[in-house]
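The values are calculated or read from the model by the stated rules, or taken from the named source; none is laboratory data. These numbers were taken from a predicted model, which means no experiment stands behind them. FYI the Cβ positions are ideal-geometry reconstructions off the backbone, even for glycines, and counts take in every protein chain you see.
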2 protein chains.
Amino acid sequence: MSLKYAVLASLLEGEASGYELSKVFDVSFANFWPATPQQLYRELERLAQDGLVEARFVQQERRPNKRMFTLTPAGREDLRAFAVEPPRRPTAVRDELLIKLQAMEDPEAAHALVEERMTWARGKLDRYERVRDRLLDGRTEDEYLRESDRVGPYLTLLRGISFEEENLRWCERVLGVLKHRAAWG
Amino acid sequence: MSLKYAVLASLLEGEASGYELSKVFDVSFANFWPATPQQLYRELERLAQDGLVEARFVQQERRPNKRMFTLTPAGREDLRAFAVEPPRRPTAVRDELLIKLQAMEDPEAAHALVEERMTWARGKLDRYERVRDRLLDGRTEDEYLRESDRVGPYLTLLRGISFEEENLRWCERVLGVLKHRAAWG
DNA sequence: TGGGTCATGTAACACGTTACATGATTTC
DNA sequence: GAAATCATGTAACGTGTTACATGACCCA
């Protein structure tokens with residue numbers, strides 16, 4: 001149900017192919033609604049049948065042919081109605097590391113897993129920084145917020161950044177606790 | 001695949017019925033691996049067949065009969081091996097509010113949704129505080145960390161707390177941005 | 001007398017994952 | 001010469017969601 005609206009929302013940025021959308025859902029949208037290419041092709045098929053998106057065939061010579069999708073007025077309206085309704089499902093986080101940590105008996109292994117998570121989080125923050133730069137495009141945050149008509153993409157990006165920053169802080173905390181115990185152990 | 005280990009990990013706390021586990025997955029485990037009762041019953045059935053948990057029938061007179069599940073040595077070993085492996089899947093967050101915000105055109109509606117989220121986050125933090133008190137059981141954090149042999153449950157609780165705190169900070173930020181724009185609008 | 005708790009479960013469906021297939025083109 | 005990119009898709013499977021059913025008990 002929500003994937004549907006995530007796809008519609010991503011088409012607010014303009015016409016896109018399934019392949020292009022799969023890139024979006026692998027990077028920016030991944031932070032709050034991940035989806036695989038297969039899910040997207042299935043969903044786009046349905047949306048097209050329901051008249052919420054329109055598909056346009058594009059013949060290509062040196063590349064496989066593709067279909068470009070656009071929001072229809074009906075799709076735009078459906079999305080608008082969705083956006084103002086309170087969410088029915090609470091936020092769901094699935095983090096395998098926390099299962100491992102919950103079960104963990106070996107502090108050395110725990111240490112290694114947490115270090116790995118930190119490296120990964122730093123990498124993600126770097127990528128977010130680049131996305132932010134592309135969005136701001138040389139402007140300050142203030143200027144951007146004044147000029148752009150849609151703030152949504154920026155606010156969701158901020159959420160991704162703050163999630164990873166908090167991730168790092170929590171990791172530091174965990175390492176501290178593990179060290180503490182090692183000192184007494 | 002991970003639900004399996006989440007169930008095994010929750011049985012580290014001791015014997016439990018499917019119903020009891022469904023409470024755990026609705027509260028503490030919900031922060032990193034939510035699951036419905038139906039998923040748990042299905043999973044427990046499988047785990048019992050694979051010999052990773054053992055089921056014990058308990059006849060009751062004034063309540064429906066129940067089955068109590070315990071980790072077998074094989075289950076404990078399987079879990080231990082899982083815990084030291086690096087996670088194969090990255091953290092996945094699914095947050096409907098962010099889809100709505102991404103698509104949002106109406107700042108008033110956005111404001112309302114964010115306020116609602118803040119109320120909800122504060123409620124969750126309160127509940128976490130109570131879980132924390134129960135865990136610490138009158139001891140300071142330092143005492144607890146020295147005395148308990150498993151720190152996992154405390155570290156995952158900290159993650160839940162830090163997630164909601166960050167959630168609140170981000171919400172404040174969003175409200176600030178919306179106000180900012182309203183002032184210029 | 002209506003709703004919540006205890007306790008399990010079935011059935012149907014929706015959603016998500018994995019593996020595979022195609023095949024030219026571009027990049028290292 | 002191998003791997004990645006573009007671009008789509010099928011098939012099979014595994015996971016997660018929703019609705020429903022049972023039935024006694026407890027509480028206000």
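From the list B:146, B:173, B:181, the one residue that fits, being modelled with pLDDT of 95 or more and assigned to a helix (DSSP H, G or I), is B:173.
Only one of the listed residues (B:105, B:13) is surrounded by fewer than 21 Cβ atoms within 10 Å (Cβ to Cβ) and assigned by TED's automatic domain parsing to the domain that holds residue B:152. That residue is B:105.
Of the residues in segment A:51-70, at least one is under 21 Å from the mean Cα position of the chain (by Cα) and either of a type outside the set (Lys, Arg) or not assigned by TED's automatic domain parsing to the domain that holds residue A:179 (or both).
Could you please give the count of residues in segment A:137-154 that are surrounded by fewer than 17 Cβ atoms within 10 Å (Cβ to Cβ) and at the interface with chain B (Cβ under 10 Å from one of its Cβ atoms)? Number satisfying all stated conditions: 6. Among the residues of segment B:38-50, is there at least one that is closer than 14 Å to residue B:7 by Cα, in the same structural domain as residue B:13 (by TED's automatic domain parsing), modelled with pLDDT under 95 and more than 16 Å from DNA strand D (Cβ to nearest atom)? Within segment B:38-50 (the criterion being closer than 14 Å to residue B:7 by Cα, in the same structural domain as residue B:13 (by TED's automatic domain parsing), modelled with pLDDT under 95 and more than 16 Å from DNA strand D (Cβ to nearest atom)), the answer is no, since none of the residues qualifies. Is segment A:112-120 home to any residue that is surrounded by 22 or more Cβ atoms within 10 Å (Cβ to Cβ) and in contact with a Gly (Cβ under 9 Å, 6 or more places away or on another chain)? Within segment A:112-120, not a single residue is surrounded by 22 or more Cβ atoms within 10 Å (Cβ to Cβ) and in contact with a Gly (Cβ under 9 Å, 6 or more places away or on another chain).
When the residues of segment A:155-164 are filtered to those that are at the interface with another protein chain (Cβ under 8 Å from one of its Cβ atoms) and either of a type outside the set (A, V, I, L, M, F, W, C) or at positive phi (or both), the one that is surrounded by the fewest Cβ atoms within 10 Å (Cβ to Cβ) is A:162. Within segment B:96-107, being in a helix (DSSP H, G or I) and at pLDDT below 95 holds for one residue alone: B:107. Residues that are more than 10 Å from chain A (Cβ to nearest Cβ), within 13 Å of DNA strand D (Cβ to nearest atom) and free of Cβ contacts under 8 Å to residues at least 24 places away in the same chain: does segment B:30-37 have at least one? There is at least one residue in segment B:30-37 that is more than 10 Å from chain A (Cβ to nearest Cβ), within 13 Å of DNA strand D (Cβ to nearest atom) and free of Cβ contacts under 8 Å to residues at least 24 places away in the same chain.
The criterion of being touching an Asp or Glu at 6+ places or on another chain (Cβ under 7 Å), surrounded by 14 or more Cβ atoms within 10 Å (Cβ to Cβ) and within 30 Å of residue A:129 (Cβ to Cβ) holds for residue A:32. Please work out if residue B:83 is surrounded by 13 or more Cβ atoms within 10 Å (Cβ to Cβ) and within 30 Å of residue A:86 (Cα to Cα). The answer is no for residue B:83.
Considered as a group, the residues in segment A:96-114 that are more than 7 Å from chain B (Cβ to nearest Cβ) and touching a residue at least 24 places away in the same chain (Cβ under 8 Å) include one that is nearest to the chain's Cα centre (by Cα), and that residue is A:114. Pairs meeting the criteria (first residue in segment B:166-185 and at negative phi, second residue surrounded by 12 or more Cβ atoms within 10 Å (Cβ to Cβ) and not in a helix (DSSP H, G or I), beta carbons under 9 Å, at least 6 apart or on different chains) are B:167/A:91; B:174/A:151; B:177/A:151; B:178/A:151; B:181/A:151. Whether any residue in segment A:77-95 is at the interface with another protein chain (Cβ under 9 Å from one of its Cβ atoms), part of a loop (DSSP other than H, G, I, E, B), touching a helix residue (DSSP H, G or I) at 6+ places or on another chain (Cβ under 6 Å) and among the basic types (Lys, Arg) is what I want to check. Checking segment A:77-95: at least one residue is at the interface with another protein chain (Cβ under 9 Å from one of its Cβ atoms), part of a loop (DSSP other than H, G, I, E, B), touching a helix residue (DSSP H, G or I) at 6+ places or on another chain (Cβ under 6 Å) and among the basic types (Lys, Arg). Based on this model, can you work out whether residue A:8 counts as in contact with a helix residue (DSSP H, G or I) (Cβ under 7 Å, 6 or more places away or on another chain) and without any contact (Cβ under 8 Å) to a residue 60 or more places away in the chain? When the stated conditions are applied, residue A:8 does not pass them.
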